[in-house]
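Participant: The structure's right below; bear with me while I get my questions together.
Readers should treat all values here as calculations from the given coordinates under stated rules, not as data from a laboratory. Nothing here was measured: the structure is a model prediction, and the numbers come from that model. Glycine gets a Cβ as well: all are built from the backbone with ideal geometry, and neighbour counts include every protein chain shown.
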Amino acid sequence: MSGNFSCPTIDFVFLQDLSGSYTDDLPILKAQIANVIATVEDIDPYADFAVASFIDKPNGTFGASGDYVYQTHLSVSSDNAAVIASINAMTTRSGADVQEAQLEALMQVAVRQDEIGYRPDTMRIVMLSTDSAFHQAGDFGGVPANNGDAILDGNGLGEDYPSILQAASALVAAHVFPVFSVTASEKALYETLVSDLGTGAVVVLSSNSSDFSDAVRLAIAKACGHVTHEGTEVDDDITGSGTDDGIFGLGGHDTIDGLGGSDLLDGGSGHDRLYGRGGRDDLRGGSGNDKLFGGSGNDTLKGGLGDDVMTGGKGRDTFVVNPDDGKEMITDFEDAIDVIDLSAFHRHEGVSAVEQAYKAGRFVVLTLPNGTEVRLKGFSLAKLGLEDVLLNPVGDPPSAVNDTAQVTAGHLITIDALANDSDIDNDPISIVALGSSANATVSITGDGRIAYQAGSGFSGTDTFTYTISDGTFTASATVTVTVLPNLIGDDADNVLNGTEFDDILKGFGGNDTLRGFGGNDLILGGTGNDIIDGGAGMDTIMGGAGNDTIVSGPATGDGTLNGDTVDGGTGNDRITGGIGGDTLKGGTGRDTINGGDGDDTISGDAGNDVLNGDDGDDKLHGGTGNDTIDGGAANDALWGDAGDDILSGGSGKDEIYGSGGTSGGVTDNDVLTGGAGADQFIFDMALDANLTGDDRITDYDITEDILVLEGDVMVRLTDTLAGVLLEQTTGGSILVENVLAVDLRPTIDGLVEVF
């Protein structure tokens, strides 16, 4: 498999249910077996096959005389004709009850490794096809589990009663991955079995097993851990995650969009549309008349059976054509860049590749055996050369290309060294070795990239080598890393500029100008009146002492770049958040803070502050002092805290807290304005019980606003010329302007007793 997906060489075992219930399905398997083998070899040209079967226990209770619980028909072989002949020779027999001998057969393919002939270091996939439930130890007369060996006992009848635990242990020991190919009615049963075994997967066949090739492709992908999304037998619309996805549409006319990442997209049967987008994608149309769009990146496109249209997009793309594929159209073939892979024709004895190449209108047409042809739209016959067509399946070494990267001293980066590497045979490549670095720690990550941890005491140019392998050949390249120093000022007025990477900037004394630019930066202003601009990335900014001006990030963007943390420190600071959800803290002093886009958390701390939430669902705390707070657009929450505060919700459904216990001191007089939208004005009257502050609500709308009075106390409502006055007997009041008590009462919520 291409892209970021790979499997070891495969030993594929057909383990077939030959009980009577499979009588109608067996002819369909026989008719499809050649295509099924081609499907496996399309994924792994070096795959070999074995054939085995089971029926039921050879006694009258479960089956009949002559039934059996396991037989090996053909050991692992590269002779496809022998595999087809072995399948075609199969016949069904009895199997008198509902359950069959699946578990016994599964354990035998694990314990009979020599008989089956598994090759060393292969991916051993056993595809068990059945439409029935299974016997296990204890389901008949309390018969205990067998001894777990390769001998079928049963008092001479040739049967066993393995437990699920025994089968699981045998499968793990033999490195066998079972795939249960079942009908929809048995899906839940076998998913439970897979869970109990701790290994394996389930694929669902149609009721007549006509989609066996789809099931085989899905089975191999599940065995190799490449399935992130699985479709259905009807028309699906599936979108990937933006990372490396494995998406299988199965039946129906599907639309599959991989988004970013290096994806494996398989349409299955039906007329499908596959979009790889960015990354090194592997697109497989399956059967049907499909349309494949690779997008940017070095993609592999395989139309499969049917008349397909393939568009590679930008990058060095490979178009794979197999025997019996039909009429394949390539819309954007680029001479000496893209490749048509016809190597599958050489795996079929006596078959040569291109029979004829000619010009037909806007197309160059390549005719191939078995009625297959390739049409190159808008291409010139004169440009077609041997470098455009891959005919020989013999392997060549991969190509490793030198890489560059940048990082700040002491920081970690991840390098996708494989992004510009390739293999002419489209074999999967991986990093198998790293050279050492004198100035950093390097390692291979779980997703096949390189982690580079720069040392804290080094800056300059560092190099190390890496080696890639396609399973047969290797190649090496060099990574050159520019390690940037941390930026440290002194007591003078410094100008420190970061980079697009993760920087540390320290101003210390003086009136410094510090710019982080890109990356997730740590910026410390120190003392002095500093100007700090975090730039893009999720920055942490601490202004320190002095009257600082701080901008945490860009003012516009897609809302995903920033989530900065800013502490202005002492002094009268001006702080502006960027896009994203920022945490902005003014510190001591008269601060002015603007949240910018995103859901921000803003606190003024001590001093008479001006806080503006701007866009996003913001939380604003004034802190001590006489603060002016404006939530801005969206649904905000505002707390004045101690001091005579002015709180304005702005547009949106806002929560404005005006209680003295959370919003002010004993004589705090706050002014609350909700603005547009259905707002809640919230007061904790119990905390206000001994307070004397007088708060005002200026724009209460009885049709949509709510007055929340918390606390187990009594509040008196009195109409005045200015509005409704809410008073406690212990002091303190709330004036709701331009509203009558009779209209206000229905909008009051909470536990307070109103009289």
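Participant: Please give the contour-minus-distance gain from Thr463 to Gln356: 0.36 nm per residue of separation, less the Cα-Cα distance, rounded to one decimal in nm. Kindly include the intermediate steps, with their values, before the conclusion.
Facilitator: On the way: separation 107, 0.36 × 107 = 38.52 nm, distance 5.01 nm.
Gain in length upon complete extension: 33.5 nm.
Participant: Going by C-beta contacts inside 10 Å, put Lys57, Lys30 in order with the fewest on the left.
Facilitator: Details: Lys57 28, Lys30 14.
Taking fewest neighbouring Cβ atoms as first place, the list is Lys30, Lys57.
Participant: With each run of n ≥ 4 DSSP H residues scored as -39500 (n - 2.57), what mean residue ellipticity at 222 nm is computed for the chain after dividing by its residue count and rounding to the nearest 500 deg cm²/dmol?
Facilitator: Details: 9 runs with 83 residues, N = 755.
Calculated mean residue ellipticity at 222 nm is -3000 deg cm²/dmol.
Participant: For region 476-541 and region 104-134, what is the centre-to-centre distance using only Cα atoms, to the nearest Å?
Facilitator: 60 Å
Participant: How much length is gained if the chain between Thr445 and Ile28 is pulled fully straight, taking 0.36 nm per residue apart and subtracting their Cα-Cα distance, in nm to one decimal? Please list the in-between numbers first.
Facilitator: Working: separation 417, 0.36 × 417 = 150.12 nm, distance 4.45 nm.
So the extension gain works out to 145.7 nm.
Participant: Quick one: order Ile116, Ile504 by neighbouring beta-carbon count within 10 Å, fewest to most.
Facilitator: Working: Ile116 23, Ile504 20.
By the 10 Å Cβ count, ascending, the order reads Ile504, Ile116.
Participant: At a 10 angstrom cut-off on C-beta neighbours, averaged per residue, how do the peptides 673-683, 359-369 rank from highest to lowest? Walk me through the intermediate numbers first.
Facilitator: Details: 673-683: 21.8, 359-369: 15.6.
Ranking, from highest mean packing down: 673-683, 359-369.
Participant: Turning to a different aspect of this structure: Given 0.36 nm per residue, what is the gain on full extension from Ala81 to Gln406 after removing their alpha carbon distance, in nm? Spell out each step's value before the answer.
Facilitator: Numbers: separation 325, 0.36 × 325 = 117.00 nm, distance 5.52 nm.
The span from Ala81 to Gln406 would gain 111.5 nm if fully extended.
Participant: Still on this structure: So for Leu740, Leu721, Leu305, fewest C-beta neighbours within 10 Å to most, what's the order? Let's see the in-between values first.
Facilitator: Details: Leu740 13, Leu721 4, Leu305 20.
Lowest to highest Cβ neighbour count: Leu721, Leu740, Leu305.
Participant: Determine which residues of region 527-549 fall in the zone a paramagnetic label at Asn497 would reach in this model, i.e. backbone nitrogen under 19 Å from the point 7 Å along Cα→Cβ.
Facilitator: So the set is 531-537.
Participant: Around Ile450, under 15 Å between beta carbons, what's the net of Lys plus Arg minus Asp minus Glu among the other residues? Write out the running numbers ahead of the final one.
Facilitator: On the way: positive: Arg449; negative: Asp403, Asp416, Asp421, Asp447, Asp462.
So the surrounding residues net to -4.
Participant: Shifting gears a bit: Using the alpha carbon gyration tensor of the chain, what are the three equivalent-ellipsoid semi-axes (square root of 5 times each eigenvalue), largest first, in whole Å? Intermediate values should be presented prior to the final figure.
Facilitator: Values: eigenvalues 864, 278, 130 Å².
Working through the eigenvalues yields semi-axes of 66, 37, 26 Å.
Participant: Provide the percentage of antiparallel DSSP beta bridges, counting only those with both residues in the chain; round to the nearest 5. Walk me through the intermediate numbers first.
Facilitator: Working: 49 of 191 bridges.
Among the beta bridges of the chain, antiparallel pairing accounts for roughly 25 percent.
Participant: Taking the Cβ of Asn370 as the centre, find all other residues whose Cβ is under 11 Å away and add up their charges (Lys, Arg: +1; Asp, Glu: -1).
Facilitator: Its environment carries a net charge of -4.
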